[in-house]
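S.K.: Before I ask anything, let me first share the structure, which is written out below as structure tokens.
Just so you know, all these numbers are worked out from the coordinates, no wet-lab data involved. This structure is a prediction, so every number in the text was calculated from the model and none was measured. Heads up, the Cβs are rebuilt from the backbone with ideal geometry, glycines too, and the neighbour counts pull from every protein chain shown.
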Amino acid sequence: MMGERRGLILDRDGVINIDINFLHRIEDVVFVEGIFDLVRAAKAAGYAIVVATNQSGIGRDMYSEAQFHTLMDWIGAEFVAQGGGIDAVYFCPHHPTEGQGEYRRDCACRKPKPGMFLQAIAEWDLDPAQSWTIGDNWRDVDAGAAAGVANRVLIDPTGTPVHQDRGHWVAPSMAEIQRMMGL
């Protein structure tokens, strides 16, 4: 059965915040320009806002799940303060070769596999045909495609104009993505 809601499924590192490799401290967060405006507009238009993020730093024993949740709670509060909000966060702590102990495994949730997307679609009653996903890496948008998300955007801040590549949209900024979404 097809869901009823539109969703905006965001990667974290490189989409919400500048990617510094294994971000886990609040003091290191720098938000991507335009992300608050995009989320605020999408939320106002009725989108469920979901984060789906690979977090192999947990599995590599670089930081704990508790540290990840503390950071995400803080990020979520920043979005609320900016007039938006994140409805759900899905994360994959696993890595098939670098994970330690129980975290070393090839799972269905690590992007480019669609596990986190499928879980969000089911739990939030999302209609993939009306939903969007934004990532900064091909594995992000490929995971969205594997889950049936119709509108997939790779953010590429190098300034190239909006175009399609490998069946996905490529856009230079959050402002341009917001325009593409009609928000």
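S.K.: In the stretch 133-183, how many residues are of a type in the set (Phe, Trp, Tyr) and crowded, with 19+ Cβ neighbours inside 10 Å?
M.R.: Of the residues in that region, 1 qualify.
S.K.: So for the stretch 86-96 (the condition being touching a residue at least 24 places away in the same chain (Cβ under 8 Å) and among the small types (Gly, Ala, Ser)), does at least one residue qualify?
M.R.: Yes.
S.K.: Within 22 Å of Met181 (Cα to Cα) and of a type in the set (Gly, Ala, Ser): which single residue out of Ala81, Ala41, Ala108, Ala122 fits that description?
M.R.: Ala41 is the lone residue from the list that is within 22 Å of Met181 (Cα to Cα) and of a type in the set (Gly, Ala, Ser).
S.K.: Listed residues Val50, Val30, Val15; which is free of Cβ contacts under 8 Å to residues at least 40 places away in the same chain and touching a strand residue (DSSP E or B) at 6+ places or on another chain (Cβ under 7 Å)?
M.R.: Val30
S.K.: Those residues that are under 23 Å from Ala44 (Cβ atoms), over 16 Å from the mean Cα position of the chain (by Cα) and among the basic types (Lys, Arg), I need them from the stretch 135-183; list them, please.
M.R.: Correct list: Arg179 only.
S.K.: Test Arg104 against the stated conditions and say whether it is in contact (Cβ under 8 Å) with a residue 40 or more places away in the chain and charged (D, E, K, R).
M.R.: Spelling it out, Arg104 is indeed in contact (Cβ under 8 Å) with a residue 40 or more places away in the chain and charged (D, E, K, R).
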